[in-house]
Amino acid sequence: MIYYHERDASSVVIGEKGDVISGGSDNRIKIWNYFSNQLSRTLETPSAVGCLAINLRANYLAAAINYLDPVKVIVWNLKSFEQIAEISDERFWDFDLLAFNDTGERLYARGGLGENRVWEMPSTKLIRAFPDSHYGEVSYCSIDDRGRVIATASDRDSKVYLWDTVSGKRIQVIEAAPISDGGPFVPNVLLNDNGSILITATLNGNIRISCTESKELLQEFPGKHKPEISSLAISNKFLVSGDHDGNLKLWQFTA
């Protein structure tokens, strides 16, 4: 079954009982079911959907509605799809990361200016705001499944910073690529479920697996993609990487 939006499909998450929830730049969120191959619901949004987040425990669905003035985050009940909260932030044009913590009591967002927000749910009270501090435009980020650790990276340096979302403090700096790589450092960054493993992929096709606590380089796959790596996904001991030529590669790592 092919699911589609009239314009770009910018974000997708998997819900319960076969539901696939996608958001697009066509100003729609669509809920599909891959068992029945049916579109079960469409939510209209006031602008393009930038990213989605769900929490099955609290029954929350959140969407960053980008390119508004101000940008909004809208939260629905995942069962009834009734809107239960709306958050606006005048500092941003878009959000490029949205996530709940494991209990659904915190909602995290990262703005395009490299600033982070933490709201209490369901009150939407802002309880933490902290900036990233990279040289250059911060373009890459990942959050662990608990919503506790954020990894951020820049297009102009070779470091990945780890942040504690509760305190807003930087807790680790990891060298992600040798300086001799040359050119702008364009990493994809990915944390595993508990934030103990960091995956980085660089412009020259290198993939590095590091321990976030010790900063030890655990494994490296140098130059396995000729074009730039564009996507990463991790599950247990397997890693999937994709590049701009459309190639997907599956790796098994020993970390």
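Any read-out appearing in this document is the output of simple, stated calculations on the displayed coordinates, not a laboratory observation. None of the values given here were measured: they were computed from a predicted structure. Because the Cβ atoms are built from the backbone with ideal geometry, glycine has one as well, and the counts that use them run over all protein chains shown.
Assigning unit charges at the beta carbon (Lys, Arg +1; Asp, Glu -1) and nothing else, what dipole magnitude in debye, to the nearest 20, does the range 82-134 show about its Cα centre?
With Lys and Arg at +1 and Asp and Glu at -1, about 200 debye.
So if I place +1 on the C-beta of Lys and Arg and -1 on the C-beta of Asp and Glu, and nothing else carries charge, what would the dipole magnitude of the range 9-68 be about its Cα centre? I want it in debye, nearest 20. Walk me through the intermediate numbers first.
Numbers: 5 positive and 4 negative charges, 20 e Å.
With Lys and Arg at +1 and Asp and Glu at -1, about 100 debye.
Once the Cβ-Cβ distance between residue 145 and residue 33 is put in as r, and R0 is 30 Å, what FRET efficiency do you end up with, to the nearest 0.05?
With R0 = 30 Å, the Cβ-Cβ based efficiency is 0.80.
Which of the pairs 30/72; 79/169; 215/237; 30/159; 159/237 have their Cα atoms more than 28 Å apart in this structure?
From 30/72; 79/169; 215/237; 30/159; 159/237, over 28 Å: 79/169; 30/159.
About the Cα centre of the range 33-105, what is the dipole size in debye to 20, counting +1 per Lys and Arg Cβ and -1 per Asp and Glu Cβ, all else neutral? Walk me through the intermediate numbers first.
On the way: 5 positive and 10 negative charges, 69 e Å.
Dipole magnitude for the range 33-105 comes out near 340 debye.
Sticking with the crude label model, points 7 Å out along Cα→Cβ, report the distance from residue 123 to residue 211 in nm, one decimal please.
According to this spin-label approximation, the distance is 4.0 nm.
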